[in-house]
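Here the structure is laid out as structure tokens; the discussion comes afterwards.
The values are calculated or read from the model by the stated rules, or taken from the named source; none is laboratory data. Note that the structure is predicted; figures quoted are calculated from it, not measured. Cβ placement follows ideal geometry from the backbone for every residue including glycine, while neighbour counts extend to all protein chains displayed.
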Amino acid sequence: MPSSTTATTYSPHYERMSGNCTRLLAAQMISNINPPITGSSYILDNACGPGTVSEQIKLLFPDAKILATDLAPGMIEEVQHAIKTNGWSEMKTEILDICDLATLKDETFTHVITNLGMPIPGNINSSSKIVSEMYRVLKRGGIAVMSTWADRVWLTAFYNAARAVRPNETPDSFMVLPPNILRASWLIQQLEEGGFGNNVEVKPCVTHTIAANLDEMTENMMLARGMFFSKFTSEEIEKFKPILKEELQKLRTFEKFEGGVRIGMKAWIGVGRKLGDEDEVPV
């Protein structure tokens, strides 16, 4: 998730901005989880955002015991609303920093799940602390599952549109990541060095941001304009919108399908198991 300030600002619009891509990713993270969720499981939805992971868990395991945590009060309010609306039982929330799960004891959870929570934008070095905290609160025999982006092609549309409006100015780089962070090898390294040693695996995952039509997708994307174009005037924003619409259509993964439009994206799903032999040195 973004920083606490950004997440609080955009939490009411998060589902529209993401175009369902995080929900599709969360569903794939949960569907093949092993060891499986049972009646005795206790799950940490880490950097939970609006509760996308918890929602997927509750669809499959209605009685699952979950603690959903996030640093942004606005996101926690979204989750609390979902708990009340959906009548979810065995679920609590807490405002916590993903880098410092201070109130959570060692070896508390059977499953720790972090969907697109690392690295924290503007803090590339946050990932090692995030993983080590996940490892710390995980029970022996438990599993940590996390996702990171491998390909965010939609950022190209924002970048090109911004350059069209302000050709002599470099666009905001708040969401830009160094190329190595988009590789599977980077996620493997974070898991290994965060405590999981050789008990690590990573696999690719394809997801999409979806809308009913191109106009809707453009409007959804424009909800994130403050993250990218905070210095733009209202007049420049109006110029930007039709340009963004054209740039979205140029993306290599943009496609129309029966019922709407979508932009394909790729992510990595990483798994770390706490088996007790993480510190053993292979011979």
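Of note:
- Matching entry among Leu251, Leu244 (being surrounded by 14 or more Cβ atoms within 10 Å (Cβ to Cβ), modelled with pLDDT under 95 and under 16 Å from Thr156 (Cβ atoms)): Leu244
- In the range 20-50, the residue that is surrounded by the most Cβ atoms within 10 Å (Cβ to Cβ) out of those that are hydrophobic (A, V, I, L, M, F, W, C) and not in a helix (DSSP H, G or I) is Cys48.
- Enumeration of residues in the range 204-249 that are over 24 Å from the mean Cα position of the chain (by Cα) and of a type in the set (Ser, Thr, Tyr): Thr233, Ser234
- Qualifying residues in the range 170-193 (those that are surrounded by 19 or more Cβ atoms within 10 Å (Cβ to Cβ) and at pLDDT 95 or above) - the one farthest from Asp100 (Cα to Cα): Trp186
- Residue pairs meeting the criteria (Cβ under 7 Å; at least 6 apart or on separate chains; first aromatic (Phe, Trp, Tyr), in the range 126-144; second assigned to a helix (DSSP H, G or I)): Tyr135/Gly194; Tyr135/Gly195; Tyr135/Phe196
Results for (1) in contact with a Lys or Arg (Cβ under 6 Å, 6 or more places away or on another chain); (2) closer than 23 Å to Pro204 by Cβ; (3) surrounded by fewer than 22 Cβ atoms within 10 Å (Cβ to Cβ); (4) small (Gly, Ala, Ser), shown as yes or no for each residue.
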site: Gln80; (1), (2), (3), (4): no, no, yes, no
site: Asp97; (1), (2), (3), (4): no, no, yes, no
site: Glu107; (1), (2), (3), (4): yes, no, yes, no
site: Ile124; (1), (2), (3), (4): no, yes, yes, no
site: Gly142; (1), (2), (3), (4): yes, no, no, yes
site: Met146; (1), (2), (3), (4): no, yes, no, no
site: Trp149; (1), (2), (3), (4): no, yes, yes, no
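- Any hit, the range 152-162, residues being within 18 Å of the chain's Cα centre (by Cα) and modelled with pLDDT of 90 or more: no
- Filter result (of a type outside the set (Ser, Thr, Tyr), free of Cβ contacts under 8 Å to residues at least 12 places away in the same chain and farther than 13 Å from Asn160 by Cα) within the range 220-243: Glu235, Glu238
- Test: residue in the range 57-66 that is free of Cβ contacts under 8 Å to residues at least 40 places away in the same chain and either hydroxyl-bearing (Ser, Thr, Tyr) or more than 15 Å from Glu90 (Cβ to Cβ) (or both): no
- Scan of the range 160-218 for residues that are among the charged types (D, E, K, R) and closer than 25 Å to Ile237 by Cα, ordered by number: Arg163, Arg166, Glu169, Asp172, Asp215, Glu216
- Pairs, first under 16 Å from Leu223 (Cβ atoms) in the range 244-255, second among the small types (Gly, Ala, Ser), C-beta under 7 Å, six or more apart: Leu244/Ala157; Leu244/Ala161; Leu248/Ala157
- When each of Phe257, Phe232 is tested for being surrounded by fewer than 19 Cβ atoms within 10 Å (Cβ to Cβ) and of a type in the set (Phe, Trp, Tyr), the lone residue that passes is Phe257.
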